[in-house]
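*Asks:* Below: one structure in structure tokens.
Read-outs throughout are calculated quantities, based only on the coordinates presented, and are distinct from any laboratory measurement. No experiment lies behind these values; they were computed from the predicted model shown. Cβ atoms come from the backbone with ideal geometry, glycine included; neighbour counts cover every protein chain shown.
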Amino acid sequence: MSLLEFCRWVQYSSPLIAMRASPWVFPVIATIHLMGLAMIGGAVLLVDLRLLGLGLQRQPVALLARDAERWLVRGLLVMVSTGVLLFMCFATKYYYLTFFWVKMAALAAVVAFTFSVRRRIVLAGETQVNPASGRIVALVSLALWTIVAVGGRYIGFP
Amino acid sequence: MVSLFRLFEWLGNTPWSVALHESRYAFLVVLTVHVLTLAVFVGTAMMIDLRLLGVTMRRVPVSEVMERLVPWSGAGLLLMLTSGALLFYAAPLVRYQNIFFRLKMAALVLALLNAWLFRRTVYRRIADWDRDPVPPRQARLAGALSLVLWVIIITAGRMMAYQDYWFG
């Protein structure tokens, strides 16, 4: 089965047909998806602004990062679970949108980056990390999340 | 007396409103800015509210959270209100006659009122509870109310697009 055939199969499976027939299921899922955006936004900014010297400068990065990570993971769970449902509703549409694949690539990259490089830097503590590398990590994180977010808005247009 | 209906009808016929409404990209850019600023504005506001509820950054003084995050939240709010005003300006009558828009505006007024009241009352006595892991009841209430209102505002905002589909 090719990827396109798979998308078609998902989109036209009976549960998905039933979901699309409901006038409010898609809007409600899309709304919860937006709340996930706010959660991720808050959790990411809390740490990245601190790394850039624009946040809670009197607090150790590691302390903020441990707190923020909890909300980031929750936000990601909300975002990915609702995102998968939104995708399944119109899978073949997204299959043909280049920006959808750009968004997915950026998402994969930022999740991998956040839980490897960024995590090591923010949990290491100030003394072991030079501020410049912290700043670069924050900029990479913000840039990748911005691509994900803009891509999300872009693929939503009819 | 001029009715709001007449006022918005006139506003919708001004050249700039028509231009924005009929533009190919400008409207979509404004809409994108409006939606994505959510991550900055509600994101930072949410972290403040969660601190007021005593569920995050418990060891960080509330005043520091406020001092450092409110500027970001405020800048986000300004961008939100500006882009929102432009979206309204692009189609004043359509927005005015949207039930979810009215609900959203009512909730927005309550949210701003809640923030203002918080500043005027319990936050005046911040020195007494700045370092409390869990702030006093009145502060927790303000945080919870704020979160609920932003959820309503986001939901109503999203639902605005579906009025015609549901009730048309």
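*Asks:* Taking every alpha carbon pair in chain A, what does the distance histogram look like in 5 angstrom bins from 0, in percent?
*Replies:* 2, 9, 16, 19, 16, 12, 9, 7, 5, 3, 1, 0
*Asks:* Continuing with the same structure: Give or take rounding to whole Å, what are the principal axis extents of the alpha carbon atoms in the range A:108-158, in descending order?
*Replies:* Computed over the range A:108-158, the largest-to-smallest principal extents equal 50, 17, 11 Å.
*Asks:* Right, next: For the range B:85-124, what are the per-bin percents of Cα-Cα distances with bins 5 Å wide, up to the bin holding the maximum?
*Replies:* Percent of Cα pairs in each bin: 6, 21, 19, 17, 13, 10, 8, 5, 1.
*Asks:* Anything in chain B that counts as a DSSP H helix reaching 15 Å or more along its axis (C-alpha) with Kyte-Doolittle mean of at least 1.0? List them, would you? Walk me through the intermediate numbers first.
*Replies:* Numbers: long enough: B:26-53 (39 Å, 2.05); B:62-90 (40 Å, 1.09); B:99-120 (32 Å, 1.24); B:137-159 (33 Å, 1.13).
Sorted by number, the helices that extend far enough and score high enough are B:26-53, B:62-90, B:99-120, B:137-159.
*Asks:* Here's a follow-up. Please pull out the direction-averaged projected area of the range B:94-168, using the convex hull of its alpha-carbon atoms, in nm² to one decimal place. List each step's numbers first, then the result.
*Replies:* Numbers: hull surface 22.8 nm².
Result: 5.7 nm².
*Asks:* Measuring from the lowest to the highest alpha carbon on each principal axis, how far does the protein assembly as shown reach, largest first, in angstroms?
*Replies:* On the principal axes, the protein assembly as shown reaches 66, 57, 36 Å in Cα extent.
*Asks:* To the nearest 10 degrees, how steep is helix A:131-156 against the longest Cα principal axis of chain A, on a 0 to 90 scale?
*Replies:* 20
*Asks:* Can you work out the FRET efficiency for the pair B:Ala19 and B:Ile126, with r the C-beta to C-beta distance and R0 = 56 Å, to the nearest 0.05?
*Replies:* Working: r = 47 Å, r/R0 = 0.84.
The value I calculate is 0.75.
*Asks:* Taking Cα atoms, how many degrees apart are the long axis of helix A:98-113 and the longest axis of chain A, rounded to 10 and kept between 0 and 90?
*Replies:* Its long axis makes an angle of about 40 degrees.
*Asks:* Specify, per residue and in Å³, the volume enclosed by the convex hull of the alpha carbon atoms belonging to the range B:11-168.
*Replies:* On the way: hull volume 18.1 nm³, N = 158.
Taking the convex hull of the Cα positions in the range B:11-168, it is 114 Å³ per residue.
*Asks:* State, to one decimal in nm, how far the label point of A:Leu123 lies from the label point of A:Ser81, with both points 7 Å from Cα in the Cβ direction.
*Replies:* 2.4
*Asks:* Compute the Rg to Rh ratio over the range B:1-63 from the alpha carbon atoms, using the Kirkwood formula for Rh, and round to two decimal places.
*Replies:* That ratio is 1.31, to two decimals.
*Asks:* Next question. For the range A:33-78, compute the orientation-averaged projected area of the C-alpha convex hull (one quarter of its surface), in nm². Walk me through the intermediate numbers first.
*Replies:* On the way: hull surface 11.3 nm².
Taking the Cα atoms of the range A:33-78, their convex hull projects to 2.8 nm² on average.
*Asks:* Moving to a separate point now. Determine the equivalent ellipsoid of the range A:1-55 by diagonalising the alpha-carbon gyration tensor, then write out the semi-axes as square roots of 5 times the eigenvalues, largest first, rounded to whole Å.
*Replies:* Details: eigenvalues 277, 58, 5 Å².
Each semi-axis is √(5λ); the values are 37, 17, 5 Å.
*Asks:* Counting every Cα pair in the range A:87-128, what percent are over 12 Å apart?
*Replies:* On the way: 575 of 861 pairs.
Distances greater than 12 Å cover 67 percent of the Cα pairs.
*Asks:* Same structure again: Mind checking the log10 I(q)/I(0) for the range A:48-108 at q = 0.19, 0.28 Å⁻¹? Debye, one equal scatterer per Cα, no solvent, two decimals.
*Replies:* Result of the Debye calculation: -0.80, -1.12.
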